[in-house]
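Below: the structure, in structure tokens.
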Amino acid sequence: MLERNAPATIRLRTVFISDIHLGFKGCSADLLLDFLHRVEMDTLFLVGDIIDVWSMQKSMFWPQAHNNVLRTILGKAKRGTKVIFVPGNHDEVFREFDGVVFGNLEIHREYIHQGADGRRMLILHGDEFDSVVKCSPWLAKLGSNIYDILLAANPYINWFRRKFDLPHWSLSMYLKQKAKTAVQYIGSFEESVAQAARKRGVDTVVCGHIHRAEIREIEGILYCNDGDWVESCTSLVEDMNGQLRIIDWPKLREQTRLAPIALPVGQAA
């Protein structure tokens, strides 16, 4: 259920977003801008693949909406939000700036965040636990090219669906969920990330990379993936009490029809 008498702006302690892929045609920049305009937070984590350098090396694509996303994020930093950028594999060029601080904007290879409830949370993108990327970069880029074609089809599919008043849907995510090998890969990835968190002595890990939002416990470690802003358009959020939730923005936006929005009840961890 949604509380329809809540204020129009969602007030949060922390917001985690990743895999925006600015510079790529499949990026859902308008939905992200809508989300960013409806939330206020103390800390904003950019958990990798914010700018898709891989895609921009193949063809330059940078519409005004993508520029507006960056301006909105920087505007939040200027107004007091702490912004922590943890680069991913698509924007790995920024990893050489590990530890650099620009006012309220910081860049880190990985980061330990302490939640309001005292939990220690490891924040990283996660590509280092992707066996394809780690062992065969050329194969990863080949797969990325095929995947990009599927992702690029999503805006056109959803344009057509909106004509018939149908909800947001992702072809690439549908195919990924149906593929047995993809399901096995996701499970292996999640377990590897959880194992790394255990070795670092934390009880929670937040990552992105695989474009699959999830909160689940893996052998005593709370594994959280904030999803993406190409396929699912999701974010992981921490409220003022330290509870973690996944916000599916297209679904929440559709349910409320831009009425005052509150977090879904019963989806906390």
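Spot the failing condition for K180; the list is (1) surrounded by fewer than 16 Cβ atoms within 10 Å (Cβ to Cβ); (2) at pLDDT 90 or above; (3) among the basic types (K, R), and only one is missed.
It is condition (2) that K180 fails.
Do we find that M60 is part of a loop (DSSP other than H, G, I, E, B), over 29 Å from R200 (Cα atoms) and free of Cβ contacts under 8 Å to residues at least 40 places away in the same chain in this structure?
yes
Collect the residues in region 207-250 that are among the β-branched types (V, I, T) and buried (at least 24 other Cβ atoms within 10 Å of the Cβ), keeping them in residue-number order.
V230, T234, I247
May I ask you to verify whether I112 is loosely packed, with under 15 Cβ neighbours inside 10 Å and assigned to a strand (DSSP E or B)?
When the stated conditions are applied, I112 passes them.
Which of the residues belonging to region 228-247 are small (G, A, S) and over 18 Å from K25 (Cα atoms)?
Within region 228-247, S235, G242 meet the criteria.
Identify all residues within region 25-53 that are part of a loop (DSSP other than H, G, I, E, B), farther than 11 Å from W229 by Cα and either at pLDDT 95 or above or of a type in the set (A, V, I, L, M, F, W, C) (or both); write none if there are none.
Selection gives V47, G48, D52.
Identify, from the list K25, K82, the residue that is surrounded by 13 or more Cβ atoms within 10 Å (Cβ to Cβ), among the basic types (K, R) and touching an Asp or Glu at 6+ places or on another chain (Cβ under 8 Å).
Criteria check complete, one pass: K82.
Testing R95 on (1) part of a helix (DSSP H, G or I); (2) under 29 Å from E254 (Cα atoms); (3) among the basic types (K, R), one condition comes back false. Which one is that?
Among (1) part of a helix (DSSP H, G or I); (2) under 29 Å from E254 (Cα atoms); (3) among the basic types (K, R), R95 violates only (2).
Of L32, L74, L12, which residue is more than 26 Å from R162 (Cβ to Cβ), in contact with a strand residue (DSSP E or B) (Cβ under 9 Å, 6 or more places away or on another chain) and surrounded by 18 or more Cβ atoms within 10 Å (Cβ to Cβ)?
Within the list L32, L74, L12, the selection yields L12.
Which of the residues belonging to region 190-228 are under 14 Å from the mean Cα position of the chain (by Cα), closer than 19 Å to Q114 by Cα and of a type in the set (A, V, I, L, M, F, W, C)?
Across region 190-228, the qualifying residues are V205, V206, C207, I215, C224.
Checking N89 against (1) at pLDDT 95 or above; (2) not in a helix (DSSP H, G or I), only one condition comes out false. Which one?
It fails just one condition, (1).
Mind checking which pairs have a first residue in region 17-40 that is in contact (Cβ under 8 Å) with a residue 12 or more places away in the chain and closer than 14 Å to W249 by Cα and a second that is part of a helix (DSSP H, G or I) and among the polar types (S, T, N, Q), Cβ under 6 Å, 6 or more apart or different chains?
L33/N68; L36/T72
The values are calculated or read from the model by the stated rules, or taken from the named source; none is laboratory data. What you are looking at is a predicted structure, and each value in this text was computed from that prediction instead of being measured. As a convention, Cβ positions derive from the backbone with ideal geometry for all residues, glycine included, and neighbour counts pool all protein chains shown.
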